[in-house]
1. Indicate, rounded to the nearest 5 percent, the antiparallel portion of the DSSP beta bridges found entirely in the range 53-117.
2. Report, by chain and number, residues whose modeled amide H sits under 5 Å from the one on Val116, excluding near sequence neighbours (fewer than 5 apart, same chain).
3. Got a sec to turn the phi values of the range 66-75 into Karplus ³J(HN,Hα) couplings, 6.51 cos²θ - 1.76 cosθ + 1.60 with θ = phi - 60°, whole Hz, x for Gly and Pro?
4. Across the chain, how many lysine pairs, 8 or more positions apart or on different chains, have C-alpha atoms separated by under 27 Å? Please give the number.
5. Of all DSSP beta bridges located in the chain, what percent are antiparallel, nearest 5?
6. Just one of (1) 1.03; (2) 0.91; (3) 1.17 is Rg/Rh (Cα atoms, Kirkwood Rh) calculated from these coordinates, so which is it?
7. Give me the angle, in degrees from 0 to 90, between the Cα long axis of helix 14-24 and the longest principal axis of the Cα atoms of the chain, rounded to the nearest 10.
Amino acid sequence: MIAQLQRLCYWPKMNETISRYVRGYTMCAKSKPNSRKLGLYTPLPVPSHPWESVSMDLVGELPKSRKGHDYLYVVVDRFSKMCILVPCNKHITAKQTTELFFEHVWVHFGLPTSIVFD
């Protein structure tokens, strides 16, 4: 709520006022997410050879390139930490992401055993 209001206006002791308001509003207290850790994090298994397991992510908003790309599709080999960077657009679909994977990763290294994509 503070971040949303800071975009629109400002007043002295703004954070204190908003925090006091939110604490007194029962609906906010009920809908706040629980920040307790429910269990131990389980690390991913360590791959035994290159390109067995990859992680993928989209990085952006970047300045537009000459071809109109404003995001990067990033594929990282979890074993060697080698990465492949592919320019793409913000509104890429799942089908287009799959096509980029097959065009830029699969043709060189084959299909990995596991893919981590957040």
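1. Given both bridge residues lie in the range 53-117, the antiparallel proportion sits at roughly 75 percent.
2. Answer set, sorted by chain and number: Val54, Ser55, Met56.
3. 4, 8, x, 7, 10, 9, 10, 8, 10, 10
4. Lysine pairs satisfying the spacing and distance rule in the chain number 9.
5. Percent antiparallel among DSSP bridges in the chain is about 75.
6. Only one listed value fits the structure, namely (3).
7. The answer is roughly 80 degrees.
Laboratory data are not the source of any read-out in this text; all were calculated from the coordinates shown. Small disclaimer: the values here were computed from a predicted structure and weren't measured.
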